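The values are calculated or read from the model by the stated rules, or taken from the named source; none is laboratory data. Note that the structure is predicted; figures quoted are calculated from it, not measured. Quick reminder, even Gly has a Cβ in these numbers, built from the backbone with ideal geometry, and neighbours come from all protein chains shown. Note: areas computed on protein heavy atoms with side chains; ligands, DNA, RNA excluded. Shrake-Rupley method; radii C 1.70, N 1.55, O 1.52, S 1.80 Å.
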Amino acid sequence: MLLDVDGVLNPLRRSSPSFRRHTVVVDGAPYQVMLDPRHGPRLLELARATGADLAWATTWEDHANEEIAPRIGLPRLPVIPVMGDPASNSGEHMKTRAIAKYVRRRPFVWFDDILDQADHDYLDRHPGVGDFLLVKVDSRFGLTAGHLGQARRWLSRGVQA
Ligand SMILES: [Mg+2]
């Protein structure tokens, strides 16, 4: 399961009373983020129940481990380097090529607020990419139980109850 931060764990609005505002400092610059401490336990439970691993797919890169993970109860996670690629001209997200390189045919769910058909098409055509589910999150509200349920059903597909 690949996790974005802004718009997913840090929505634009305080969409439930459990969100807490934090000021974090990254490379000397302060950022306001809004985080729900329930997200970490819910993601960890989903990972455990489905046998999935978690990784960061965010421009926060390793700052997500320092500033986001401890505030929502996640351990340090592997970081997909997404900042190195030059801009694309074929419409896919700047992260999409980095993810295609990272997954090495492992099935994955990607939670992000910026995903469209170009990302789907790029991943579909890439020889290093197997099965995947793109879960587009509304940046106003962030990651919801509905998104986690979608991921759970997909990760559990083919598993007999
Ligand atoms: Mg985002």
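Some points to look at:
- Cα extents for the chain along the principal axes, largest to smallest and rounded to whole angstrom: 44, 41, 26.
- Residue order for Y31, Y102 - accessible surface, 1.4 angstrom probe, largest first: Y31, Y102
- Under the Karplus curve 6.51 cos²θ - 1.76 cosθ + 1.60, θ = phi - 60°, whole-Hz ³J(HN,Hα) for region 64-79, x wherever Gly or Pro sits: 4, 5, 7, 9, 9, 3, x, 7, 10, x, 9, x, 4, 10, x, 10
- When the solvent-accessible area of the chain is split by element, carbon and sulfur atoms take up 52 percent of it, the probe being 1.4 Å.
- For trypsin sites (Lys or Arg not before Pro), the sites in region 64-149 that DSSP calls loop and that have at most 15 other Cβ atoms within 10 Å are R76, R104, R105, R140.
- Using only side-chain charges placed at the Cβ, +1 for Lys and Arg and -1 for Asp and Glu, the dipole size of the chain relative to its Cα centre rounds to 620 debye.
- Length-normalised contact order of the chain in % [C-alpha pairs under 8 Å, at least 6 apart]: 28 percent
- Span-like helix check, the chain: no full DSSP H segment qualifies, none having both a Cα axial length of 18 Å or more and a mean Kyte-Doolittle of -1.0 or more.
- Given charges at Cβ of Lys, Arg, Asp, Glu: region 15-93 dipole, positive-most of S90, H22, W60: H22
- Relative to its residue count, region 49-133 spans a Cα convex hull of 104 Å³ per residue.
- Selected from S18, S139, S90 as most flexible by GNM, with the chain as the system and alpha-carbon contacts under 10 Å: S90
- Note, ³J(HN,Hα) from phi for region 4-21, Karplus 6.51, -1.76, 1.60, rounded to Hz, x at Gly and Pro: 8, 9, 5, x, 10, 8, 10, x, 6, 10, 7, 7, 8, x, 7, 5, 10, 8
- Net charge of the neighbourhood of G130, taken over other residues with C-beta under 14 Å away and scored Lys/Arg +1, Asp/Glu -1, is +4.
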